[in-house]
Amino acid sequence: TMVELERVINRHEGGELDIAVRATRIFKLEWFFDNLKDKLYPGGEIEWASLEDQEISEVVLAEFKALMDLKKPEETIELPNRTFGVAASLNLRTKEKLELVQMKSSVSQNKMLLSHIRLHTAIARQENNNQFNFNLN
């Protein structure tokens, strides 16, 4: 994934940086070289992935909005209008992100997202219910 530097969080004495980045594009690494041509650092040849960022279905969008209202009722959240925008909010595992990217149809992408949204919704409801089950002495 190609990333863009968003901000430097912390600078350490040894010169190391803690940074926040944002993914911008996906590519496939075709070749990797320990030394890139006459450079002292590694590099490679890539092929940009041609992704179809599909439109999101109304059902997925409605359930995603309900999930966000459940998790953050005090915030007004701008809803994404594409599948990858919703996926980014769900904190998918790397394998799940790869599966989503490799899906060719919007129906498959929406079905996968709906499954994850429903799981997150069930967990959020359980968390909300549990907060009332504990009493301090």
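Near the amide H of I46, under 5 Å away, which other amide H atoms are found, from residues 5 or more places off or on another chain, if H is placed in the peptide plane?
Residues meeting the criterion, in which the H sits 1.01 Å from N, are E30.
Collect residues whose amide H, placed 1.01 Å from N in the peptide plane, falls under 5 Å from the amide H of L36; neighbours closer than 5 in sequence don't count.
Y41, G43
Using θ = phi - 60° and the Karplus form 6.51 cos²θ - 1.76 cosθ + 1.60, what ³J(HN,Hα) does each residue of the stretch 43-48 get, whole Hz, x for Gly and Pro?
Here the 3J(HN,Hα) series is x, x, 10, 10, 10, 5 Hz.
If one puts a single equal scatterer on every Cα of the chain and applies the Debye formula without solvent, what log₁₀ I(q)/I(0) results at q = 0.14, 0.18 Å⁻¹?
Debye intensities relative to I(0), on a log10 scale: -0.86, -1.11.
Once phi is turned into θ = phi - 60°, what whole-Hz ³J(HN,Hα) does the Karplus curve with 6.51, -1.76 and 1.60 give for every residue of the stretch 68-77, x standing for Gly and Pro?
5, 5, 6, 7, 9, x, 7, 9, 9, 10
At a Cα cut-off below 26 Å, give the lysines reachable from K71, other chains included and same-chain residues fewer than 8 away excluded.
Within reach: K95, K97, K111.
N81 to I123: FRET efficiency via 1/(1 + (r/R0)^6), r the Cβ-Cβ distance, R0 22 Å, to the nearest 0.05?
0.30
Roughly how large, in nm² to one decimal, is the mean projection of the convex hull of the alpha-carbon atoms in the stretch 32-82?
On the way: hull surface 26.8 nm².
Directional mean of the projected Cα hull area for the stretch 32-82 stands at 6.7 nm².
At a 1.4 Å probe, what is the % contribution of carbon and sulfur to the accessible area of the stretch 75-137? Display every interim value, and only then the final one.
On the way: 2440 of 4800 Å².
Accessible surface attributable to carbon and sulfur in the stretch 75-137 totals 51 percent.
From the backbone phi of the stretch 81-87, what are the Karplus-calculated ³J(HN,Hα) couplings (6.51 cos²θ - 1.76 cosθ + 1.60, θ = phi - 60°) in whole Hz, Gly and Pro given as x?
These are the phi-based 3J(HN,Hα) values: 10, 10, 4, 5, x, 5, 4 Hz.
Under a 1.4 Å probe, what is the accessible area of the chain per residue, stated in Å²? Walk me through the numbers before you get to the answer.
Details: 10960 Å² over 137 residues.
So the chain comes to 80 Å² accessible per residue, rounded to a whole number.
Please list, in chain and number order, the residues 5+ apart from I19 or on another chain whose amide H is under 5 Å from its amide H, with Hs placed from the backbone.
Result for I19 returns I9.
Accessible surface of L98 in the full protein assembly, 1.4 angstrom probe, to the nearest 10 Å²?
It works out to around 100 Å².
What distance in nm separates the simple spin-label points at E74 and V107, each placed 7 Å from Cα in the Cβ direction?
About 4.4 nm, to one decimal.
The values are calculated or read from the model by the stated rules, or taken from the named source; none is laboratory data. These numbers were taken from a predicted model, which means no experiment stands behind them. Positions of Cβ are generated from backbone atoms using ideal geometry, with glycine treated the same way; all protein chains shown enter the neighbour counts. Please note that ligands, DNA and RNA were not included when accessible areas were found on the heavy atoms of the full protein model with its side chains. Shrake-Rupley method; radii C 1.70, N 1.55, O 1.52, S 1.80 Å.
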